[in-house]
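Q: This structure is in structure tokens; I'll ask about it shortly.
The values are calculated or read from the model by the stated rules, or taken from the named source; none is laboratory data. Since the model is a prediction, treat every value here as computed from it, not as a measurement. All Cβ positions, glycine included, derive from the backbone under ideal geometry; neighbour counts span all protein chains shown.
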2 protein chains.
Amino acid sequence: MTVSEPIPVSDQSAEAAAPSDTSRRAAEERFIEGMGLALEEDRLPRIAGRLVGLLLLSPQPVRFDLLAERLRVSRGSISTNTRLLENMGVIERVTRPGDRRDYFQINEQPGLLQRVVERFRARQAMAAEMKQALGPEPADAAIVQARLDGLIRFYAILADSFDSALAAFGQGPDRAAS
Amino acid sequence: MTVSEPIPVSDQSAEAAAPSDTSRRAAEERFIEGMGLALEEDRLPRIAGRLVGLLLLSPQPVRFDLLAERLRVSRGSISTNTRLLENMGVIERVTRPGDRRDYFQINEQPGLLQRVVERFRARQAMAAEMKQALGPEPADAAIVQARLDGLIRFYAILADSFDSALAAFGQGPDRAAS
DNA sequence: CGGTTTGTTTTGTCAAGACTGAACAAGATG
DNA sequence: CATCTTGTTCAGTCTTGACAAAACAAACCG
């Protein structure tokens with residue numbers, strides 16, 4: 001919950017785009033929809049993805065009701081999904097004294113990624129536990145043991161390279177929220 | 001579809017494990033179930049994950065009907081999911097002349113990973129396309145442009161580090177299929 | 001040929017989750 | 001206080017996908 005300038009969104013209503021940037025609007029539509037599908041693959045509701053897409057494209061914080069209007073979605077869904085993303089640290093709720101309404105903006109830091117890394121670490125741990133349970137075993141189980149070692153190593157490498165990707169990213173010209 | 005020794009699985013029926021390795025059996029159960037949940041996160045049916053788990057722990061190819069029996073699942077599900085994993089290159093169907101039945105083993109190469117990398121590349125492309133559509137824009141859109149740049153760069157780094165993880169893994173002591 | 005065995009395909013059921021719309025709560029405001 | 005406004009929560013609907021069971025196909029066997 002940050003307090004800042006609530007300057008109205010660059011474009012208010014969903015319709016009536018200037019004829020010149022019609023294709024721009026179409027591209028935005030595609031992008032937003034694409035983010036919806038992309039985040040859906042990460043087990044988040046599609047609307048949450050669309051929210052991220054829309055907010056990524058919005059230079060200024062966007063008002064709650066405009067989100068519902070622009071995405072053509074019920075206020076209930078906006079409420080649920082903004083809170084979800086807020087808790088994940090992906091977006092931020094912005095308010096201003098004297099204005100009762102809520103605004104949202106993407107949070108310029110990778111929040112979704114930690115989830116992924118954690119998942120890999122969990123799998124690594126699972127494989128390690130299994131290896132433990134194997135113990136010193138009959139000859140033909142050697143293959144199994146080698147496989148588990150492989151799994152463990154693989155997830156370790158993966159998680160590490162993810163982490164370093166995150167680090168490398170932090171130093172770059174900019175940060176993004178996904 | 002490979003032709004090889006179909007040596008019967010180490011342990012045939014699901015019940016009657018030697019009392020000594022009861023906890024070993026429990027650990028296997030946990031591991032198999034864990035793989036079920038893990039692959040489910042990657043948008044694969046849970047049974048597919050359990051199959052991978054079971055086959056990882058099986059030094060020898062496992063017979064089709066034993067899979068159904070061991071996982072307590074219908075033959076139909078086994079059929080569907082083995083084919084799915086087979087097409088993904090995660091497992092391999094093994095047959096032997098003179099034996100009408102099918103056996104399965106995990107394929108010692110990372111097949112699931114390519115999917116992930118492709119997803120990242122796709123998102124990168126999406127962001128790039130959006131950036132394209134933005135074109136040279138009014139002042140306040142600079143932020144948006146920077147964000148998209150960030151996204152693109154981020155997914156690029158991610159996919160690359162995945163690839164290098166795969167590469168590093170390939171040279172290691174062993175390979176695994178997940 | 002009839003009858004097995006083995007795997008595939010199809011049909012139907014069930015559960016999970018997303019989303020809507022309506023009811024609701026809590027402030028503002030006349 | 002009655003009434004907006006704004007956001008949340010809840011109940012119900014709808015869609016999706018997994019799974020089982022049964023029908024099916026094909027190869028084999030007698």
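Q: Return the total of residues in region A:72-89 being more than 14 Å from DNA strand D (Cβ to nearest atom) and either more than 20 Å from A:A26 (Cα to Cα) or of a type in the set (A, V, I, L, M) (or both). First the steps, then the outcome.
A: Filtering region A:72-89 for residues more than 14 Å from DNA strand D (Cβ to nearest atom) gives A:72, A:88-89.
With the extra rule that they be either more than 20 Å from A:A26 (Cα to Cα) or of a type in the set (A, V, I, L, M) (or both), the set shrinks to A:88-89.
Counting residues in region A:72-89 that are more than 14 Å from DNA strand D (Cβ to nearest atom) and either more than 20 Å from A:A26 (Cα to Cα) or of a type in the set (A, V, I, L, M) (or both) gives 2.
Q: Search region A:39-49 for residues being touching a residue at least 24 places away in the same chain (Cβ under 8 Å) and assigned to a helix (DSSP H, G or I), and hand back the single one that is farthest from DNA strand D (Cβ to nearest atom).
A: Here is the first cut: in region A:39-49, the residues touching a residue at least 24 places away in the same chain (Cβ under 8 Å) are A:39, A:42, A:44-45, A:47-48.
Imposing the further condition that a residue be assigned to a helix (DSSP H, G or I) reduces the set to A:39, A:47-48.
Values: A:L39: 15, A:I47: 12, A:A48: 13 Å.
Per the criteria, the residue is A:L39.
Q: Restricting to region B:50-93, what's the tally of residues that are within 13 Å of DNA strand C (Cβ to nearest atom) and small (G, A, S)?
A: Counting residues in region B:50-93 that are within 13 Å of DNA strand C (Cβ to nearest atom) and small (G, A, S) gives 5.
Q: Looking at region B:50-58, can you tell me whether even one residue there is on the phi < 0 side of the Ramachandran plot, at pLDDT 95 or above and within 12 Å of DNA strand D (Cβ to nearest atom)?
A: yes
Q: While we're here: Taking into account only those residues within region A:33-44 that are surrounded by fewer than 22 Cβ atoms within 10 Å (Cβ to Cβ) and of a type in the set (A, V, I, L, M), which is farthest from B:V144 (Cα to Cα)? Give the steps one after another, and end with the answer.
A: Of region A:33-44, the ones surrounded by fewer than 22 Cβ atoms within 10 Å (Cβ to Cβ) are A:33-34, A:36-37, A:40-44.
Filter once more, keeping what is of a type in the set (A, V, I, L, M): A:37, A:44.
On the way: A:L37: 20, A:L44: 23 Å.
Out of the qualifying residues, it is A:L44.
Q: Still on this model: Of the conditions (1) within 12 Å of DNA strand C (Cβ to nearest atom); (2) within 21 Å of the chain's Cα centre (by Cα), A:D99 clears all except one; give me its number.
A: Unmet for A:D99, out of (1) within 12 Å of DNA strand C (Cβ to nearest atom); (2) within 21 Å of the chain's Cα centre (by Cα): (2).
Q: Moving to a separate point now. On the given criteria, is A:R25 more than 29 Å from B:L44 (Cα to Cα), away from DNA strand D (no atom under 15 Å from the Cβ) and within 10 Å of chain B (Cβ to nearest Cβ)? Show your work before the answer.
A: Details: more than 29 Å from B:L44 (Cα to Cα): yes; away from DNA strand D (no atom under 15 Å from the Cβ): yes; within 10 Å of chain B (Cβ to nearest Cβ): yes.
So A:R25 passes the test.
Q: Sticking with this structure for a sec: Would you check if B:I47 is more than 21 Å from B:A165 (Cβ to Cβ), more than 11 Å from DNA strand C (Cβ to nearest atom) and either surrounded by fewer than 20 Cβ atoms within 10 Å (Cβ to Cβ) or not assigned by TED's automatic domain parsing to the domain that holds B:S161 (or both)? Talk me through it step by step, then tell me what you get.
A: On the way: more than 21 Å from B:A165 (Cβ to Cβ): yes; more than 11 Å from DNA strand C (Cβ to nearest atom): yes; either surrounded by fewer than 20 Cβ atoms within 10 Å (Cβ to Cβ) or not assigned by TED's automatic domain parsing to the domain that holds B:S161 (or both): yes.
Yes; evaluated as a whole, the condition is true for this residue.
Q: Of the residues in region B:3-49, how many are at pLDDT below 50 and among the β-branched types (V, I, T)?
A: Qualifying residue count for the region: 3.
Q: Taking region B:102-111 on its own, how many of its residues are more than 19 Å from the chain's Cα centre (by Cα) and more than 14 Å from DNA strand C (Cβ to nearest atom)?
A: Quick first cut of region B:102-111, residues more than 19 Å from the chain's Cα centre (by Cα) only: B:102.
Imposing the further condition that a residue be more than 14 Å from DNA strand C (Cβ to nearest atom) reduces the set to none.
Count: 0.
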